[in-house]
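Notes for the one structure printed next.
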């Protein structure tokens with residue numbers, strides 16, 4: 001086997017390892033595989049065909065997975081310049097901050113729906129739970145905003161530290 005095929009095999013094995021972590025966290029297996037592949041492979045953008053070829057899966061499997069990943073905010077859909085091909089990519093500037101901290105839209109939907117219930121339902125335990133739901137979503141939006149600021153302040157420092165650690169570690 002040549003060096004490139006060894007590297008490719010190692011990449012795909014790691015994709016499966018990362019996929020397992022995501023599956024145990026509740027993500028559908030195919031979506032987890034596609035996300036893991038896009039996360040660790042070196043290309044900046046991918047067409048559905050490139051993902052399918054890279055993972056050795058069908059275009060139909062990729063289609064369903066990218067639809068789920070876009071809806072969850074894990075992938076961004078765009079167009080490749082001068083073609084009509086849809087492309088998919090991560091928010092490379094802040095991958096995990098985007099995924100974990102940019103949840104205002106869903107928090108607003110939960111809060112708005114809870115408020116509608118509060119305005120609609122009579123007094124009682126169900127309405128009280130909706131009041132708690134709306135309050136929690138408001139709290140989470142404030143905390144996520146504060147975390148976003150804190151993360152932006154620390155991101156470069158932490159990433160630099162991990163890179164320096166890697167450079168100073170003995171080779172495997």
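The values are calculated or read from the model by the stated rules, or taken from the named source; none is laboratory data. Predicted model, so just to flag it, every value in this text is computed and none were measured. As a convention, Cβ positions derive from the backbone with ideal geometry for all residues, glycine included, and neighbour counts pool all protein chains shown.
Figures for the structure shown
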quantity: Single condition residue 133 does not satisfy, out of (1) touching a helix residue (DSSP H, G or I) at 6+ places or on another chain (Cβ under 9 Å); (2) over 30 Å from residue 29 (Cβ atoms); (3) exposed (fewer than 15 other Cβ atoms within 10 Å of the Cβ); calculated: (3)
quantity: Residues of the stretch 23-58 classified as within 23 Å of residue 78 (Cβ to Cβ) and in a helix (DSSP H, G or I), total; calculated: 19
quantity: Yes/no for residue 88 being modelled with pLDDT of 95 or more, in contact with a strand residue (DSSP E or B) (Cβ under 7 Å, 6 or more places away or on another chain) and surrounded by 15 or more Cβ atoms within 10 Å (Cβ to Cβ); calculated: yes
quantity: Some residue of the stretch 46-54 being in contact (Cβ under 8 Å) with a residue 40 or more places away in the chain and loosely packed, with under 15 Cβ neighbours inside 10 Å; calculated: no
quantity: Some residue of the stretch 103-112 being surrounded by fewer than 16 Cβ atoms within 10 Å (Cβ to Cβ), modelled with pLDDT of 95 or more and within 16 Å of the chain's Cα centre (by Cα); calculated: no
quantity: Residue identified as under 27 Å from residue 44 (Cβ atoms), without any contact (Cβ under 8 Å) to a residue 40 or more places away in the chain and out of contact with any strand residue (DSSP E or B) (no Cβ under 7 Å at 6 or more places or on another chain) among 129, 167; calculated: 167
